[in-house]
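S.K.: Sharing a structure with you now.
The values are calculated or read from the model by the stated rules, or taken from the named source; none is laboratory data. Since we're looking at a predicted model, the values are computed, not measured. Every residue, glycine among them, receives a Cβ derived from its backbone with ideal geometry; neighbour counts consider all protein chains shown.
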Amino acid sequence: FKTYNTSDGRFAAHIGPYFIKNKFPKTIFGTRITEKQSNLNNVSHGGFLMAFADTVGGYYSYKTVRKPIVTVTLNSLFIRPVPVGSWVEALGNVKKSGKNMVFIDVDIFAKKKLVFSACGTWQIINIDKA
């Protein structure tokens, strides 16, 4: 894994760091759950897992269409708690790409066990008209 220098905005830089390996479309993201990403139960905060999945989905969307994109939906399932200190890895899967939208599934694993799953939609935008 190498450090992922996020280009998806300033927020991800505050909640990371994220790491990355392999070339698209077999890219794997990784991160270690620290106290800053946890809740009072000493497990990963659900909002952190959602933000991590959003970064992964955004990466996969952008790599698919090579155009600016924004998240439209992100439906999330919290399957298992992830204790502080855990290393997690995330995989994306492009389900469909169209003229205006990209549909991505993201799964997050800890110790090879599924801990979180999301499906999302990213919209291709024209930032010149925004």
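S.K.: Which one of the conditions (1) surrounded by fewer than 20 Cβ atoms within 10 Å (Cβ to Cβ); (2) more than 15 Å from Ile28 (Cα to Cα) does Leu91 fail to meet, given that it meets all the rest?
M.R.: Going through the list (1) surrounded by fewer than 20 Cβ atoms within 10 Å (Cβ to Cβ); (2) more than 15 Å from Ile28 (Cα to Cα), Leu91 breaks only (2).
S.K.: May I ask you to verify whether Gly46 is surrounded by 13 or more Cβ atoms within 10 Å (Cβ to Cβ), within 19 Å of Phe1 (Cα to Cα) and not aromatic (Phe, Trp, Tyr)?
M.R.: Spelling it out, it is not the case that Gly46 is surrounded by 13 or more Cβ atoms within 10 Å (Cβ to Cβ), within 19 Å of Phe1 (Cα to Cα) and not aromatic (Phe, Trp, Tyr).
S.K.: Something else about it: When the residues of the range 56-82 are filtered to those that are assigned to a helix (DSSP H, G or I) and of a type outside the set (Val, Ile, Thr), which remaining residue is farthest from Gly120 (Cα to Cα)?
M.R.: Lys63
S.K.: Please verify whether the range 46-55 includes one or more residues that are aliphatic (A, V, I, L, M) and in contact with a helix residue (DSSP H, G or I) (Cβ under 9 Å, 6 or more places away or on another chain).
M.R.: Taking every residue of the range 46-55 in turn, at least one turns out to be aliphatic (A, V, I, L, M) and in contact with a helix residue (DSSP H, G or I) (Cβ under 9 Å, 6 or more places away or on another chain).
S.K.: Considering only residues that are assigned to a loop (DSSP other than H, G, I, E, B) and more than 28 Å from Ser97 (Cβ to Cβ), which ones fall in the range 4-55?
M.R.: Selection gives Pro17, Ile33, Thr34, Asn39, Leu40, Asn41, Asn42, His45.
S.K.: Find all pairs meeting these conditions: Cβ atoms under 8 angstrom apart; at least six residues apart or on different chains; first residue within the range 69-91 and under 11 Å from Leu49 (Cα atoms) and of a type in the set (A, V, I, L, M); second residue at pLDDT 95 or above and in a loop (DSSP other than H, G, I, E, B).
M.R.: As it stands, the answer is Val82/Ile33; Val88/Ile33; Val88/Val82, since those pairs meet every condition given.
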